[in-house]
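The values are calculated or read from the model by the stated rules, or taken from the named source; none is laboratory data. Values in this document were obtained by computation on a predicted structure and should not be read as measured data. Virtual Cβ from ideal backbone geometry, glycine too; neighbours counted across all protein chains shown. Keep in mind that these areas ignore ligands, DNA and RNA; they rest on the heavy atoms of the full protein, side chains included. Shrake-Rupley method; radii C 1.70, N 1.55, O 1.52, S 1.80 Å.
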Amino acid sequence: MKIVLIGASGTLGKAIERELAPRHEIISVGRNSGAIRADLRNLASLQALFKSTGSVDAIICAAGSVHFGPWNELTPDKFEIGLSDKLMGQVNVVLAGQATLVDGGSFTLTSGILSEDPIRYGASASLVNGALESFVRAAAIELPRGQRINIVSPTLLEESAQAYGPYFRGYRSVPASEAALAYSKSVEGAQTGQIYKVW
Ligand SMILES: NC(=O)c1ccc[n+]([C@@H]2O[C@H](COP(=O)([O-])OP(=O)(O)OC[C@H]3O[C@@H](n4cnc5c(N)ncnc54)[C@H](OP(=O)(O)O)[C@@H]3O)[C@@H](O)[C@H]2O)c1
């Protein structure tokens with residue numbers, strides 16, 4: 001398969017590439033890294049990305065930023081970071097990518113455990129992750145030509161535990177390689193409308 005991997009240079013993206021590259025052609029994408037540059041926040045840059053790739057069999061997004069911070073410092077602007085980047089960025093990937101994705105091809109997006117299991121400082125992440133999961137359930141019944149869509153919801157990754165561990169006391173972490181298996185299931189399997197929890 002020819003697979004677009006947005007966020008290929010990241011902690012999660014590198015593990016997804018390691019899992020899939022032995023069997024498939026990976027087109028790596030990032031804002032400042034990868035074979036092709038595109039910014040989730042900019043629909044025109046995603047449209048240019050898919051114009052340059054031509055027809056693809058799978059589109060994975062393992063990117064997207066949100067603001068973390070104390071409740072009493074949250075402002076609309078801080079919510080807007082996650083809304084325009086991780087949430088609408090991934091929705092834009094689907095809107096821009098659907099014409100380029102083959103019949104029966106798959107989208108795989110990324111949410112995270114905070115949709116169901118919130119932490120202090122994580123209100124924006126919880127909001128965005130929950131919205132993405134609802135979007136995937138809905139898109140699965142409307143996408144044309146047998147196209148599929150799933151979302152992977154990882155817990156804290158072991159590789160990120162040093163940076164974020166203090167915010168996730170009591171949470172189990174998993175290696176990124178374990179989360180990568182869920183992307184393999186989504187891309188190489190047949191399911192749609194699924195939320196793969198890797199907790
Ligand atoms: N790490 C964890 O423990 C964990 C757990 C659960 C969920 N997640 C979710 O998994 C996703 C990836 O996390 P990560 O830890 O792997 O992040 P990361 O290491 O910071 O990597 C992010 C990747 O996305 C690209 N990227 C960032 N913003 C972009 C944008 N606006 N447009 C296009 N590409 C962009 C980056 O490339 P450039 O720098 O070149 O743009 C990089 O390749 C995030 O949505 C995160 O919320 C992570």
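Taken together, V152, V93 contain a single residue that is open to solvent by less than 30 Å² (accessible area, probe 1.4 Å) and in a helix (DSSP H, G or I), which is V93. If you go through segment 111-128 and pick out every residue that is hydroxyl-bearing (S, T, Y), open to solvent by 10 Å² or more (accessible area, probe 1.4 Å) and not in a helix (DSSP H, G or I), you end up with 1. Among residues of segment 58-88 being over 14 Å from A125 (Cα atoms) and in contact (Cβ under 8 Å) with a residue 12 or more places away in the chain, the one that is farthest from the ligand (Cβ to nearest atom) is A58. Only residues that are in contact with a helix residue (DSSP H, G or I) (Cβ under 8 Å, 6 or more places away or on another chain), surrounded by fewer than 20 Cβ atoms within 10 Å (Cβ to Cβ) and not hydroxyl-bearing (S, T, Y) were counted in segment 166-187, giving 4. From the list R37, R31, R41, R18, the lone residue that is within 24 Å of K185 (Cα to Cα) and not aliphatic (A, V, I, L, M) is R18. Figure legend. Inter-residue proximity from segment 10-37: first residues acidic (D, E), second residues outside any helix (DSSP H, G or I) and near the ligand (Cβ under 10 Å from one of its atoms), beta-carbon distance below 7 Å, spacing 6+ or different chains. Indicated pairs: E17/L5; E17/A8; E17/S28. Within segment 55-87, the set of residues being charged (D, E, K, R), open to solvent by 30 Å² or more (accessible area, probe 1.4 Å) and touching a Leu at 6+ places or on another chain (Cβ under 9 Å) comprises D57 only.
Return yes or no: is A48 free of Cβ contacts under 8 Å to residues at least 40 places away in the same chain, within 15 Å of the ligand (Cβ to nearest atom) and touching a Lys or Arg at 6+ places or on another chain (Cβ under 9 Å)? So A48 does not fit the description; no. Across segment 129-149, the qualifying residues are those that are away from the ligand (no atom under 14 Å from the Cβ) and either of a type outside the set (A, V, I, L, M, F, W, C) or touching a Pro at 6+ places or on another chain (Cβ under 8 Å) (or both), and the one among them that is least open to solvent (accessible area, probe 1.4 Å) is Q147.
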